[in-house]
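See below for the structure under consideration.
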Amino acid sequence: MTTRPGWETNIPGPWCRAAIAACLATAAFGQSPESPGRSYRDSPTPARRKALEKFAASHKDTGGALAHLTLGVVSYEQKQYTDAIRHLAAAQARLPKLADYTAYYLAASRLETQDYAAAASDAAAIGTASPRSPFAAKSVVLQARGLTGSGSAAAAIGMLREHYSDLPQPDGDLTLAAAYQAAHDLPHAAEYFQRVYYQYPSGDQAIESAAALVILRDGMGASYPAPSPQAMIERGNRLLAQREYQRARSEYESLASQLSGAERDRARVGKGAADYLDGEVSRAYSYLRPLEVSDAEADAERLYYLAECARRLNDDEQMMEAVRNLGKHHADSPWRYKALGAAANRFLVTNQPDKYVPLYQAAYETFPDQAQAAQYHWRVTWAAYIRRQHKGAELLREHLQKYPGHPSASAALYFLGRLAEAGGDYATARSYYAKLAAQFPNYYYGILARERATQPPVVAAGLSVKTAEFLRSIAFPPHRPAVASQPDAETSMRVARAHLLISAGLADLAKAELRFGARTGSQPYLLAMELARIANAPHEQLHSIKSAAPDYLALTLEDAPPAFWQLLFPLPYQKDLVRSAKQQNLDPYMVAALIRQESEFDPQALSPRHAYGLTQVEPATGRALARRAGVGGFTNRALFQPAVNLKIGTYYLRTLLDQWGGKWEQTLASYNAGKSRVNEWATWNQYQEPAEFVESIPFSETREYVQAVLRNATVYRQIYGNKPEQSRSAQQPRAHRRG
């Protein structure tokens, strides 16, 4: 694919373009996408290395220094440490803006060549870098390793303990253990090697720690500090959390024969949990049901997994028996909280409010500080509202008071407004809608609130003093400040550093630099924009800016420059998208909104369910619809072609829309979850408006999907106007390859 002229110039603001120009002016060898540095990093062949070395030797400017940096980084990655040191040393003096990068790789390379004093010296300089280096925490570990190797283990221990909370783990504990061992403090060495082995059971660090512990145990004899039973159980728990179920099962089985008391009980229950999580539900159920344990927490865990097994085996009676036993014997256990939520969710998806409401209520009342308490309260609140119970309004207000920072607060505001409208209290409705639009401007319900606020009776009403007073009592999160129009000194430096790294062909390090700055600096949105701008393809741009600016929906369009929103809501593959949409009489913005949610515009996207391409078409659907959509010679791989995928995806979307008589909410729910499910959900209640149907969707993924696509379409229209095909700022994709 070719790049449309103007693709890049539509994105960065003036400050960003100036920074880019400044960097590239001093790094001529990096201007081309096929620069020697990038080519060598992508494919470090001997011929490319020779060419890059020749360039570095003949250029004494910044460009030559960047070539040395590239050669040094690649040599380090290839474990050619002597070459790495030579090139990094040549680059160091000429790259003051990247001094921490050369120092980090120099220190790491010198450690490998056992030049410990020089490694410690190089690493020490990183901690004083300004702005703070992405390598700052790692440099403490490198410096400590250098100090330990050069005979200053005590200094290494002091430094590691001083910065312990910032250390990257498990490398921090492993380095501290080695320092204690070098200082002949073997009990502490054993303690920290054990921390690595038991808390980080996967990876090279665990293997290294296991070997060190064998030596320490043999050498220390009776003075060797035995690991605590709790630590031993934690190793199994960590394996379980990492989904290494068979290893976890073996670990628990071994521990059950070694331990006694509470830890033995927990190991025995853990064995059943590993079976359940590994899909061996019947085996786990048969094992756990007769199992007798004395420890209360182990018994609570056993009952939770019994409930889960029964749920998976469709035995609601046995599931509820386990839940009741948890309430009777372990009322305050976190395992009861988990069981209440799982059982309630089962009854939610089968539309049994008389069963799920008490379970959700027990969960949020008994465990008010748990993460899902707000969502559970909302499910109870919504059940009362949609069943037209009198307490619905009271629960909506209570929900706002208890959970003002949860996304469900936007729904509570909206439906309080709708209740006020239904009662003819338009001033109250207007007050709720105004607050909702201001607090959650680009949320689904914020957009609906703006639409409701245009209704003549609402427009004609004033604001309610009583409602305004109530809303002032709610501790809503503070509004995000607008995106800065100009970068501060730190942001400018981050951008300059990133572009020097790009010029060197080190795009992965450039992205890490910008992500670090977005996490730690005062201008995360500007750095998120730059992170997106340097991405290679539209889906990479979108993913980059979403990950670096996750709360963007709390901003109004006026709070950020157009480039910010265009990166978040791009229009790649515009020509094919508009053509296919118009052939099916669909709004192109709705198609773009769907693609943004389905694949983030990645034409090579392949889901775990084997849905392909931009609109995530499954092969069976594609094969059935290809001819009718005007696609001949269908193959599964053809779905990776944007034009083919768009033809079939829009045809399928049009088919669903016709089946639902133009109802977008049901159409989108069917696209995500299947029409048969939506047919059932449509019968659950007497819906008075589309939003009531959407909020009643029991699958969180589908409910949020429908809301997101409808929201996306509105934002697209606000950004680009009414005719996407005439939008001068609509982007075309960059050429890119799969993988």
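Note on exposure: Glu292, Glu701 ranked by accessible area (1.4 Å probe, complete protein assembly) read Glu292, Glu701, with the most exposed listed first.
Computed over the chain, the per-residue total of -39500 (n - 2.57) for DSSP H runs of n ≥ 4 gives a 222 nm mean residue ellipticity of -20500 deg cm²/dmol, rounded to 500.
Using a 1.4 Å probe and counting only protein heavy atoms, arrange Ser431, Ser250 so the residue with the most accessible area comes first. Show your work: numbers first, answer last.
On the way: Ser431 10, Ser250 70 Å².
If we order Ser431, Ser250 from most to least accessible, we get Ser250, Ser431.
Assuming a ≥ b ≥ c are the square roots of the Cα gyration tensor eigenvalues, decide whether the stretch 482-588 counts as rounded (a/c under 1.5), prolate (otherwise, with a/b larger than b/c) or oblate.
The shape class here is oblate.
If you take the square roots of the eigenvalues of the alpha-carbon gyration tensor of the chain and sort them as a ≥ b ≥ c, do you get rounded (a/c under 1.5), prolate (a/b over b/c) or oblate? Note, shape of the chain comes out oblate. Here is the link list: Lys575/Lys675; Lys355/Lys663; Lys271/Lys338; Lys511/Lys647; Lys138/Lys511; Lys511/Lys546. Which ones come out longer than 24 Å on Cα distance? Table pairs above 24 Å Cα-Cα are Lys575/Lys675; Lys355/Lys663; Lys511/Lys647. The figure for Val465 is an accessible area of roughly 110 square angstrom, using a 1.4 Å probe on the protein chains alone.
Distance from the Cα centroid of the stretch 183-238 to that of the stretch 44-69 is 45 Å (rounded to whole angstrom). For the pair Arg519 and Lys675, label points projected 7 Å from Cα toward Cβ lie 4.6 nm apart.
Straight-line cross-link partners of Lys466 among the lysines, defined as a Cα under 30 Å from its Cα and at least 8 positions apart when in the same chain: Lys391, Lys402, Lys435. For the stretch 595-654, the square roots of the Cα gyration tensor eigenvalues, ordered a ≥ b ≥ c, give a/c of at least 1.5 with a/b greater than b/c, which places it in the prolate category. Taking all protein chains as they are arranged and a probe of 1.4 Å, the heavy atoms of Tyr285 leave approximately 40 Å² accessible to solvent. Of the residues Ala532, Gln566, Leu471, the one whose Cα sits farthest towards the positive end of the charge dipole of the stretch 451-568 is Leu471 (charges of +1 on Lys and Arg Cβ, -1 on Asp and Glu Cβ, taken about the Cα centre). Net charge dipole, the stretch 362-478: roughly 200 debye, given to the nearest 20, about the Cα centre with Cβ charges of +1 for Lys and Arg and -1 for Asp and Glu.
The alpha carbon centroids of the stretch 247-282 and the stretch 419-447 are separated by 52 Å.
Computed from the C-beta positions of Gln583 and Glu618 and an R0 of 25 Å, the FRET efficiency is 0.70 to the nearest 0.05. Label 7 Å along Cα→Cβ of Gln686; the stretch 364-401 residues with amide nitrogen under 11 Å? The answer is 388, whose backbone nitrogens lie closer than 11 Å to the label point.
Taken as Cα centroids, the stretch 502-541 and the stretch 648-710 sit 36 Å apart, rounded to the nearest whole angstrom. Accessible-area rank, largest first, for His610, His59: His610, His59, with all protein chains present and a 1.4 angstrom probe.
Packing, as the average of other Cβ atoms within 10 Å across residues, places the peptides 164-175, 560-571 in the order 560-571, 164-175, highest first.
The values are calculated or read from the model by the stated rules, or taken from the named source; none is laboratory data. Computed from a predicted model, the values in this text were never measured in an experiment. Counting neighbours? That spans all protein chains shown, and the Cβs are built from the backbone with ideal geometry, glycine included. Accessible surface is based on the protein model in full, side chains and every heavy atom, while ligands, DNA and RNA are left aside. Shrake-Rupley method; radii C 1.70, N 1.55, O 1.52, S 1.80 Å.
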